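A.B. asks: I have a structure here, written as structure tokens, and I will follow up with some questions on it.
The values are calculated or read from the model by the stated rules, or taken from the named source; none is laboratory data. Computed from a prediction, not measured in an experiment: that's the story for all the values here. As a convention, Cβ positions derive from the backbone with ideal geometry for all residues, glycine included, and neighbour counts pool all protein chains shown.
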Amino acid sequence: MGFFKTVSSYIPRFVAFIILLAVAFGAVPAKDFVVTLDAGHGGHDYGAIGEKSNEKTITLAVVKQLGRLIESNLPDVKVVYTRDKDVFIPLKDRAAIANNAKSDLFISIHINSVDKRNRNRRSIEGCQVYTLGLHKTAENLAVAKRENAVMELEPDHTEKYAGFDPNSLESDIVFELSQYKRLDQSIEFADAVHGELVDVSGRVPKGVRQAGFWVLWATSMPSVLVELDFICNPKSEKYMASAKGQKEMVEALYNAFCAYFNTYGSQITGKQLPLATAIGKDKHSRNRAEEPVEDVSAEKPEAVDREHPGNGESVKGINEIPAGSDNPVYYVQILASSVALPAKSAELKALKDVEYYRDGGFYKYAIGPEKNLNDAIKRLSRVRKSFPEAFIIKMVNGKRVDFIKP
Ligand SMILES: [Zn+2]
């Protein structure tokens with residue numbers, strides 16, 4: 001076991017080395033590595049507002065400094081900005097800019113805040129780094145909802161964002177297989193950003209997390225969304241608005257970028273960076289091992305036969321809801337995916353009695369059956385602890401029927 005583990009851990013490095021050789025000998029044409037930097041919000045959209053500053057101003061300052069640092073030190077990297085001034089850019093255009101530039105990495109910079117009713121508003125602090133995923137906690141969902149809500153400031157948003165309602169993330173975030181493939185690299189970069197923000201800019205670690213952010217869903221390259229810190233906390237606001245704070249946060253992001261470039265960028269450009277590119281290390285000596293970091297190393301589902309497997313069959317160890325009888329049964333629906341999830345998938349959180357049904361190209365996962373509605377309601381309240389957006393569905397003859405949700 002140990003031997004194979006050791007060998008397999010060298011495979012990515014070996015592949016990178018072969019690609020480097022191929023580029024060096026002209027077998028593969030070298031090209032620039034393209035990174036798109038996305039300063040959240042802008043124009044009439046201020047984002048989160050603090051006592052003296054606001055999200056759109058700080059994110060732009062950080063993104064411009066980060067872009068300059070990359071441009072002046074890394075000649076094989078092309079920097080693309082979704083905005084380099086104070087203008088409103090619809091979410092859809094941000095994703096399109098990154099996609100059209102054929103970016104290799106997308107970094108969206110934001111600043112967090114909690115509701116005015118939250119008692120910890122002035123004391124909550126720390127950085128969070130998100131990749132696309134099924135939100136696992138109500139807290140993550142709240143952050144995604146706030147960032148997605150920008151689309152409501154746009155005219156005709158319901159048409160432009162068909163299939164993605166910012167207020168109902170339960171409504172089936174569609175995961176394509178290609179998005180799962182990019183997830184590993186996104187998580188790797190998110191982890192580096194999170195670590196550097198703690199080490200170099202002294203932010204409190206609040207974890208690498210997953211949630212349904214529209215910009216991450218719509219970009220077709222590894223992508224992360226960074227919440228630098230909480231602007232509702234006056235101490236954090238002061239830090240993020242200061243020249244020193246911005247310099248440190250930029251250095252943190254830059255270091256993470258250099259580490260990522262040396263693994264994946266070198267395969268594209270054929271160039272490695274000099275070893276000592278990291279800057280500003282050990283300014284802050286917080287022990288980040290003490291802090292819990294959310295486990296996002298979810299098992300990725302593999303490609304599946306798109307054909308309907310037929311009632312009562314099993315896909316990846318999970319049974320399809322059987323045709324049953326005319327007597328209605330109730331299930332608690334927890335999530336939907338365009339690819340089949342394996343039974344041991346982390347997304348299913350080891351829940352028992354999970355079955356699925358096919359609907360409009362989705363695999364919809366539900367827990368049950370319960371013959372009576374009251375039992376389903378009891379089950380719902382338990383399931384909502386891990387799936388806050390779960391709801392009850394009614395099945396007759398193995399098909400979902402209209403039903404007023406309790
Ligand atoms: Zn934001």
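A.B. asks: Quick one: count up the residues across region 43-52 that are of a type outside the set (Gly, Ala, Ser) and within 16 Å of the ligand (Cβ to nearest atom).
C.D. replies: Residues flagged as of a type outside the set (Gly, Ala, Ser) and within 16 Å of the ligand (Cβ to nearest atom) within region 43-52 amount to 4.
A.B. asks: Same structure again: Identify, by number, the condition in (1) free of Cβ contacts under 8 Å to residues at least 60 places away in the same chain; (2) surrounded by 22 or more Cβ atoms within 10 Å (Cβ to Cβ); (3) within 22 Å of Thr263 (Cβ to Cβ) that Arg83 doesn't meet.
C.D. replies: So the condition that Arg83 fails would be (3).
A.B. asks: Name the single residue that is surrounded by the fewest Cβ atoms within 10 Å (Cβ to Cβ) among those in region 342-358 being under 16 Å from Glu313 (Cβ atoms) and at pLDDT below 80.
C.D. replies: So the residue we want is Ala343.
A.B. asks: While we're here: Taking Lys238 and the conditions (1) under 17 Å from Asn140 (Cα atoms); (2) surrounded by fewer than 22 Cβ atoms within 10 Å (Cβ to Cβ), which numbered condition does it fall short on, given that it satisfies the others?
C.D. replies: (1)
A.B. asks: Same structure again: Can you tell me which residue in region 140-155 is modelled with the highest pLDDT, limited to those that are among the charged types (D, E, K, R) and within 13 Å of the ligand (Cβ to nearest atom)?
C.D. replies: Among those that are among the charged types (D, E, K, R) and within 13 Å of the ligand (Cβ to nearest atom), it is Glu147.
Every residue, every condition in (1) surrounded by fewer than 21 Cβ atoms within 10 Å (Cβ to Cβ); (2) within 17 Å of the chain's Cα centre (by Cα); (3) farther than 12 Å from Glu125 by Cα; (4) free of Cβ contacts under 8 Å to residues at least 60 places away in the same chain, yes or no:
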| position | (1), (2), (3), (4) |
| --- | --- |
| Ser186 | no, yes, yes, yes |
| Leu197 | no, no, yes, no |
| Gln210 | no, yes, yes, no |
| Leu216 | no, yes, yes, no |
| Thr219 | no, yes, yes, no |
| Ser223 | no, yes, yes, no |
| Val226 | no, yes, yes, no |
| Cys232 | no, no, no, no |
| Lys244 | yes, no, yes, yes |
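For every residue, the table says whether it meets (1) surrounded by fewer than 18 Cβ atoms within 10 Å (Cβ to Cβ); (2) away from the ligand (no atom under 13 Å from the Cβ); (3) on the phi > 0 side of the Ramachandran plot.
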position	(1), (2), (3)
Ser103	no, yes, no
Phe106	no, yes, no
Ile109	no, no, no
Lys116	yes, yes, no
Ile124	no, yes, no
Leu132	no, yes, no
Ala138	yes, yes, no
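A.B. asks: Sticking with this one: Filter region 53-80 for residues that are free of Cβ contacts under 8 Å to residues at least 60 places away in the same chain, surrounded by 15 or more Cβ atoms within 10 Å (Cβ to Cβ) and more than 16 Å from the ligand (Cβ to nearest atom) and give the result.
C.D. replies: Lys64, Gly67, Lys78, Val79, Val80, listed by residue number.
A.B. asks: Check Arg83, Arg94 and return the single one that is more than 30 Å from Lys235 (Cα to Cα), within 15 Å of the ligand (Cβ to nearest atom) and of a type in the set (Lys, Arg).
C.D. replies: Arg94
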